[in-house]
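Nothing in this text is a laboratory measurement; each read-out follows from the coordinates by a stated rule. This structure is a prediction, so every number in the text was calculated from the model and none was measured. Don't worry about glycine lacking a Cβ; one is built from the backbone with ideal geometry, like all the others, and counts go over all protein chains shown.
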Amino acid sequence: MSSNSITEKEGPRDNYYVQTVNMDAQAPPAAQMQPFQRTYGNPVPLGMLAYGTVLLCSSILTLASKDVGQPNLVMVFATFFGGISQTIVGMWEMFLGNTFTATVFGTYGGFNFSFGAIYLPQLGLAAAYTVDGVLGQEFYNAIGIYLAIWDLITFLFLLGAIRTTFPIVITLAFTVCALTCLSLNAFTGNPHLATAGGALGVIASFGAYYGALALFWTQQTTYSFIRLPALVIGPSNV
């Protein structure tokens, strides 16, 4: 066995088995040691875009409820875009070590799945509250409780995002206001609260779009006069 061999295998050489080390050789200079660096994309724009799209669709349907009628269209955005995209973004952000954004997007991914499930006939959630083909007040009370709980969760996220960026704070703040109005509308049936909730939701969705495009429009993709500033408030954990 050679003096500079750690392990050898009898018979033909196995390059994955034989390892030789020259103990007399000097260590290579630090400048020659090039560590492998992996570059990761930023998944936040996808999550913000999905958040804003679902909110925009549901808000427009709320404002145009008399002309559209059934709001089942929101199920497509909530389930197949918002739910799937934000859940995946949440897992990616957790892998990248961003606990706040991973929690926010993972939570709203579940919210979108559950919101879409309300209008899924196969689950029979609305049918459970239907009497003689008419939805009773119990259904709207349940929706009011549902929205109030998500309103509280969004408020907690807002408190944790105060030192991030203006688009994120604006998005969460107007979402809190929109959910508050929509929850009260479900309990009281006041149409003005529904209108206010829809309008506030539209504003919140544009805040989400701004946040997405500020991170998505970069010098690698578009011209400088198109790019948007991130409007950072303080040391950001996003």
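Packing-wise, with mean Cβ within 10 Å as the measure, how do 127-133, 94-100 rank, highest first?
Put in order of decreasing packing, that is 94-100, 127-133.
Treat the count of other C-beta atoms within 10 Å as a stand-in for reagent exposure and order Glu93, Glu138 from fewest to most.
Glu138, Glu93
Between Tyr40 and Asn190, how many nm apart are label points set 7 Å from Cα along the C-beta direction?
Distance between label points: 4.5 nm.
Can you list residues from other chains, or at least 5 along the same chain, whose modelled amide H is less than 5 Å from the amide H of Thr165?
Here the answer is Ile233, since their amide H atoms fall under 5 Å of that of Thr165.
What does the highest-first list of 52-59, 212-219 look like by mean Cβ count within 10 Å?
52-59, 212-219
With a/c under 1.5 counting as rounded, go ahead and sort the stretch 154-238 into rounded, prolate or oblate using the C-alpha gyration tensor (a ≥ b ≥ c being the square roots of the eigenvalues; past the cut-off, prolate if a/b is larger than b/c, else oblate).
Oblate shape, in that a/c is at least 1.5 and b/c is the bigger or equal ratio.
Going by average Cβ density within 10 Å per residue, which order do the peptides 112-124, 172-184 take, highest to lowest?
Listed from highest to lowest mean packing, they are 172-184, 112-124.
For a test of the definition: using alpha carbon positions, the gyration tensor, and the 1.5 limit on a/c, classify the stretch 44-216 as rounded, prolate or oblate.
Verdict is prolate for the stretch 44-216.
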